[in-house]
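Input: a single structure, listed below in structure tokens.
Every number in this text was worked out from the coordinates using simple rules, so none of it is lab data. This is a predicted model, so every value here is computed, not measured. Glycine gets a Cβ as well: all are built from the backbone with ideal geometry, and neighbour counts include every protein chain shown.
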Amino acid sequence: MLFGKRKQSLRALLKPIIPPLCPLCHSVIEADESLCAPCWKDLDFISDPQCSACAFPLECGENTTLLCGACLKDPPPFSRTRAAFRYTPSSRNLVLQLKYGDATHLVPLFTQWMTRNKDIFQGVDALIPVPLHWTRLVYRGFNQAALLARSLSKTTEIPLWASLLKRPKKTASQGTLSKEDRQTSLRQAFYIDPKYRPFLKGKTVILVDDVMASGSTVKFCTETLLTAGAKEVRVIVLCRS
Ligand SMILES: [Zn+2]
Ligand SMILES: [Zn+2]
């Protein structure tokens with residue numbers, strides 16, 4: 001974290017001397033550009049039509065309800081989801097830079113992309129990041145979902161409730177458990193301190209995460225929030241795979 005901050009301030013100091021570089025291919029870009037033109041083309045930003053519940057991109061006219069097949073079959077507990085872009089080799093690179101590469105300087109850019117669609121923020125009382133188990137937090141030094149949530153909170157002026165949802169139980173990484181065991185372990189992973197429950201009662205909140213794949217993590221976070229008294233839970237992620 002400290003190292004990240006130092007790197008950031010060094011970057012700020014060197015800004016007038018070295019030109020900005022494209023975060024994907026490291027070619028020189030104009031100061032007001034976020035990516036070089038070829039890399040920009042490689043990013044697959046999600047626009048309508050998309051599943052209103054889980055933001056899965058839909059083909060035109062796939063169905064009239066604008067829910068994907070999976071959500072029609074098994075409706076998720078969250079009411080809607082917005083994602084900035086699809087999972088592609090380029091977006092994977094950006095997400096990994098955020099997750100493991102200490103690329104916290106990309107957060108303002110990601111925030112810009114995540115707030116292009118303002119609908120999801122209407123009538124929302126708080127933003128809640130998907131928590132990391134403390135051992136992973138110590139190992140990595142930061143929670144990328146919390147970084148995104150903090151930045152989104154600054155931009156939208158919606159309060160950030162960073163410590164409301166906790167992850168006291170460690171979930172085994174993918175591959176070591178069967179799908180069913182992993183679901184059970186995730187279901188039991190999240191917790192809300194009873195002293196925070198009165199704040200949550202009747203509130204509409206947005207869960208913030210970097211990537212949404214199967215949606216299991218946000219599903220179990222949502223169930224925990226609804227059980228503790230939230231009225232509605234929405235989801236915003238950077239990348240939808
Ligand atoms: Zn580039
Ligand atoms: Zn869906």
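Only one of Thr176, Thr171, Thr224 is farther than 24 Å from Phe110 by Cα, among the β-branched types (Val, Ile, Thr), free of Cβ contacts under 8 Å to residues at least 60 places away in the same chain and exposed (fewer than 14 other Cβ atoms within 10 Å of the Cβ). Can you tell me which?
Result of the check over Thr176, Thr171, Thr224: Thr176.
Consider segment 162-221. How many of its residues are of a type in the set (Lys, Arg) and under 16 Å from Val130 (Cα atoms)?
Selection size over segment 162-221: 6.
Using beta carbons and a limit of 8 Å, which pairs, at least six apart or on different chains, have the first residue in segment 72-94 and without any contact (Cβ under 8 Å) to a residue 40 or more places away in the chain and the second one of a type in the set (Gly, Ala, Ser)?
Going by the 8 Å Cβ cut-off, the qualifying pairs are Pro75/Ala53.
Given the conditions (1) closer than 30 Å to Cys25 by Cβ; (2) part of a helix (DSSP H, G or I), which single one is not true for Phe85?
For Phe85, the failing item is (2).
Let me spell it out: the conditions are (1) closer than 24 Å to Pro159 by Cα; (2) surrounded by 18 or more Cβ atoms within 10 Å (Cβ to Cβ); (3) touching a Leu at 6+ places or on another chain (Cβ under 8 Å), and Val95 meets all of them except one. Which number is the exception?
Looking at each condition in turn, Val95 falls short on (1).
Name the residues in segment 64-85 that are away from ligand 1 (no atom under 16 Å from the Cβ) and touching a strand residue (DSSP E or B) at 6+ places or on another chain (Cβ under 6 Å), would you? Let's see the steps before the verdict.
The first filter runs over segment 64-85 and keeps only residues away from ligand 1 (no atom under 16 Å from the Cβ), leaving 64-84.
The answer is Phe78, Ser79, Arg80, Thr81, Arg82, Ala83, Ala84.
Checking Asp74 against (1) within 10 Å of ligand 2 (Cβ to nearest atom); (2) buried (at least 16 other Cβ atoms within 10 Å of the Cβ), only one condition comes out false. Which one?
If we test Asp74 against (1) within 10 Å of ligand 2 (Cβ to nearest atom); (2) buried (at least 16 other Cβ atoms within 10 Å of the Cβ), just (2) comes out false.
Scan segment 116-144 and report the pairs whose first residue is within 11 Å of Val208 (Cα to Cα) and whose second residue is part of a strand (DSSP E or B) and acidic (Asp, Glu), with Cβ atoms within less than 9 Å and a gap of 6+ or a chain change.
Filtered contacts from segment 116-144: Pro129/Asp209; Val130/Asp209; Val130/Asp210; Gln144/Asp209; Gln144/Asp210.
Over 28 Å from Leu164 (Cα atoms) and in contact with a Pro (Cβ under 8 Å, 6 or more places away or on another chain): which single residue out of Cys60, Cys54 fits that description?
Cys60
Collect the residues in segment 191-216 that are surrounded by 23 or more Cβ atoms within 10 Å (Cβ to Cβ) and either touching a Ser or Thr at 6+ places or on another chain (Cβ under 6 Å) or β-branched (Val, Ile, Thr) (or both), keeping them in residue-number order.
Matches in segment 191-216: Val205, Ile206, Val208.
What tally of residues in segment 19-41 results from selecting those that are surrounded by fewer than 17 Cβ atoms within 10 Å (Cβ to Cβ) and either at positive phi or not in a loop (DSSP other than H, G, I, E, B) (or both)?
7
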